[in-house]
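Okay, structure first, notes after.
FYI, it's all coordinate maths here, none of it is from the lab. Computed from a predicted model, the values in this text were never measured in an experiment. Glycine also receives a Cβ, built like all others from the backbone with ideal geometry; neighbour counts cover every protein chain displayed.
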Amino acid sequence: MGLMTSLKLPSLQTVRELFVVPTPVPSLHDRKVLITGAASGIGRATALAAADAGAQLVLTDIQADALDAVVAEILDRRGTVLYHRAGDVSDYEWVAAFARGVDAEVGVMDVVMNVAGVSAWGTVERLEHRHWKKMVDVNLMGPIHIIESFVPAMVRRGTGGHLVNVSSAAGLLALPWHAAYSASKFGIRGVSEVLRFDLRRHNIGVSLVCPGGVATPLVETVDIVGLDRGNTAIQREIAGFHKIAVTPEKAASAILRGVTRNKFMVYTSFDIRFGYWWARKFALPYEVVMRIANNRFDYLARLSDLASAAGAADRTGTAASRRAE
């Protein structure tokens, strides 16, 4: 009883404070903004848009040359890059050293954006351990490394800020062949859900970005395990994806709007917003749609396997013919 009476507990919030949340970062002008994955795709587009909005940028990416090119482009546009360094966010020791460098030269961040990510798709019998590990190391542990290295300083400063984590439609919906990718994207969604409430008392907003189709280099390089990307059927599906994909610039605009309006869920296209609503409101129809989608992917896999088998048979026949000659 004595201990309880000696503790000074924080006062309970008013009803209004429970419902009305102030926007911690209503503008990016003169704000220090960290962006990972800044050398390409959504990260690059976000860096350029933030620079145009007057942000003072801290940038990183694993691609050193491409990162230097983005920095040069921003400077040509009269933007501000306070600090940049190439490195791997999945390497905690590197991230910790990077954070120490940023703290020494720049100070505490106002906005931290976890954009860096990789992707691999495949059925469980085709995925290898390295695929699972890379998805979790880069897409989940990478943001966690950034969060633990940069957000505590933001909390200690006591003047608020904003955290952005990029998940995916695959962090909301059970997309076919996305088990390894979804493991990481559902994971960062969970982290964000918790931090949304944990950081609220420190006036730090949290945004969870859930892109659908975005026309980035990742689409062309994604590792589809066990599928022949040269197969015409697969190429048609990828071409169909491009028809519905939004530009990285549109995704970047949604991210900046999410920060300056303190939105938790940030969608880059209406289809994902609608799909997530549909999944929550109509469970059985959602399951039917997912089964149809899975059957479609299975059909593509069978086509790819047949094409590969036919190609192997042709090569064997040609080799035998040459030996006969």
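Quick look at the numbers
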| read-out | value |
| --- | --- |
| Per-peptide average of other Cβ atoms within 10 Å, ordering 35-44, 148-157 highest first | 35-44, 148-157 |
| Label point 7 Å beyond Cα of A153 along Cβ direction - residues of region 18-56 with amide nitrogen under 13 Å | 32-35 |
| Packing-based ranking, highest mean first, of 121-132, 245-256, 268-279 given that Cβ atoms within 10 Å are counted | 245-256, 268-279, 121-132 |
| For region 35-93 versus region 242-272, the gap between their alpha-carbon centres in whole angstrom | 19 |
| Most to least packed among 135-143, 186-194, 283-291 [average Cβ atoms within 10 Å] | 135-143, 186-194, 283-291 |
| Debye equation applied to the C-alpha atoms of region 47-150, log10 I(q)/I(0) at 0.10 Å⁻¹ | -0.33 |
| Square roots of five times the Cα gyration tensor eigenvalues for region 103-181, Å | 32, 13, 8 |
